[in-house]
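> Take a look at this one; I'll ask things after.
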Amino acid sequence: MIRGIRGATTVRKNETSEIIGRASEMMEDIVKKNDLRADDVTQVLFSATTDLNSTFPAKALRNLEGWKYVPVMCMQEIEVPEGLERCIRVMVTVNTSISQKEINHIYHYDAVKLRPDLKKEGDDNEN
């Protein structure tokens with residue numbers, strides 16, 4: 001079955017090292033908490049708010065060992081009044097047998113505001 005795993009994080013500054021660092025941190029958490037293998041991933045789609053343009057957040061995926069051949073793409077998030085600033089979002093499409101309810105969506109830093117309803121007992125996603 002194909003499922004989507006969501007994630008989001010924020011950065012303090014529009015700097016390459018911080019964008020790659022926070023996106024890597026988010027992806028590592030998604031991989032760990034969902035027990036993902038690169039071969040089970042169909043695609044990874046990253047979006048970034050318009051105030052982040054110093055690098056592609058998708059480059060963070062290349063920091064994960066074994067993920068070289070996973071298709072990845074970046075796009076710009078739509079500009080919504082009063083939307084969360086300096087935000088990177090991700091949608092990971094995976095082949096899995098687990099149910100929707102068992103998926104661990106990951107929200108770090110200010111992005112925890114986006115989906116507080118998905119926070120699970122014992123989760124430490126507020127880094």
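> Of the conditions (1) closer than 22 Å to Lys113 by Cβ; (2) at pLDDT below 95; (3) of a type in the set (A, V, I, L, M, F, W, C), Leu45 fails just one. Which one is it?
It fails just one condition, (2).
> Please find, among Thr10, Thr93, the residue that is of a type in the set (S, T, N, Q) and over 16 Å from Leu114 (Cβ atoms). I'd like the intermediate steps shown before the answer.
Working: Thr10 fails: over 16 Å from Leu114 (Cβ atoms).
It is Thr93.
> For the stretch 28-39, indicate whether the set of residues that are touching a Ser or Thr at 6+ places or on another chain (Cβ under 9 Å) and within 26 Å of Pro81 (Cα to Cα) is non-empty.
The answer is no, given that none of the residues of the stretch 28-39 is touching a Ser or Thr at 6+ places or on another chain (Cβ under 9 Å) and within 26 Å of Pro81 (Cα to Cα).
> Residue by residue through the stretch 99-116, note down the ones that are over 18 Å from Gly21 (Cβ atoms) and either assigned to a strand (DSSP E or B) or of a type in the set (Ser, Thr, Tyr) (or both).
Ser99
> Is it the case that Lys33 is without any contact (Cβ under 8 Å) to a residue 12 or more places away in the chain and of a type in the set (D, E, K, R)? I'd like the intermediate steps shown before the answer.
Values: without any contact (Cβ under 8 Å) to a residue 12 or more places away in the chain: no; of a type in the set (D, E, K, R): yes.
Answer is no for this residue.
> Let me ask another. For the stretch 57-98, what are the residues that are more than 14 Å from the chain's Cα centre (by Cα) and under 18 Å from Thr42 (Cβ atoms)?
Those that are more than 14 Å from the chain's Cα centre (by Cα) and under 18 Å from Thr42 (Cβ atoms): Gly66, Trp67, Lys68, Tyr69, Val70, Pro71, Asn95, Thr96, Ser97, Ile98.
The values are calculated or read from the model by the stated rules, or taken from the named source; none is laboratory data. Quantities reported herein were computed from a predicted structural model and do not represent experimental measurements. We place every Cβ from the backbone using ideal geometry, glycine too, and count neighbours over all the protein chains shown.
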